[in-house]
Structure formats: structure tokens, C-alpha cells
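Report on the following structure.
The values are calculated or read from the model by the stated rules, or taken from the named source; none is laboratory data. Quantities reported herein were computed from a predicted structural model and do not represent experimental measurements. When we count neighbours, we look across all protein chains shown, and the Cβ atoms used for this are built from the backbone with ideal geometry, even at glycine.
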Amino acid sequence: MAKGDIETYYEDGLWKNRPEGNRRASSTHDTKAEARTAGRDMAVARGVEHVIKKKDGTIGETNSYPRSRDRRRTRG
């Protein structure tokens with residue numbers, strides 16, 4: 001992940017968001033859906049990538065904002 005990209009991850013029973021390079025979470029949520037929405041909003045506002053991790057810590061999904069930055073040229 002590049003510096004400033006937003007990471008959504010699970011830790012200590014909560015879903016959290018933080019910009020890459022930060023040690024502390026910027027927001028905490030009870031559900032993954034809530035954290036994902038908040039993380040997406042943060043990534044859109046900053047124009048960076050949003051990395052959504054699974055509960056086990058592996059990367060489950062990545063999204064680039066704005067979409068023109070997406071490395072893949074396929075839709076989906």
C-alpha cells in the first residue's frame with residue numbers, strides 16, 4: 001500500500017479504518033459494512049486506494065479512487 005491509502009481491518013473485536021503510515025485507527029465500527037462505508041468515504045475524499053482486509057488480515061478487496069487511477073482496465 002502507498003502512503004495515505006486507507007486500510008479497513010479487524011482488530012480487538014472491532015472493524016477499523018486508518019490511513020497507511022498511521023499507527024492508530026481513525027475510526028472504529030461494530031460491523032464490517034459500517035467500516036467499509038466510512039473507509040470508502042475517506043478514500044474518495046483523499047483520492048487514494050481503499051484496501052479492505054478480511055478478518056484473518058489477508059487482503060480481500062482493493063478499490064482505487066478516483067476510478068481513473070485503477071491499475072486494472074477491466075470493469076468489476
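Quick check on my filter: what residues within region 3-22 are of a type in the set (Ser, Thr, Tyr) and farther than 15 Å from residue 64 by Cβ? Even if it seems obvious, please write down each step before you answer.
Of all residues in region 3-22, those of a type in the set (Ser, Thr, Tyr) come to 8-10.
Those that are of a type in the set (Ser, Thr, Tyr) and farther than 15 Å from residue 64 by Cβ: 9, 10.
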### Message
Restricting to region 1-31, give me the number of residues that are over 11 Å from the mean Cα position of the chain (by Cα) and charged (D, E, K, R).
### Response
6
### Task
Could you please let me know if residue 47 is in contact with a helix residue (DSSP H, G or I) (Cβ under 8 Å, 6 or more places away or on another chain) and at pLDDT below 95?
yes
### Query
What number of residues within region 1-18 satisfy the criterion of being of a type outside the set (Ser, Thr, Tyr) and closer than 15 Å to residue 62 by Cβ?
7
### Message
Only one of 57, 21, 39, 4 is surrounded by fewer than 18 Cβ atoms within 10 Å (Cβ to Cβ), among the small types (Gly, Ala, Ser), modelled with pLDDT of 95 or more and not in a strand (DSSP E or B). Can you tell me which?
### Response
57
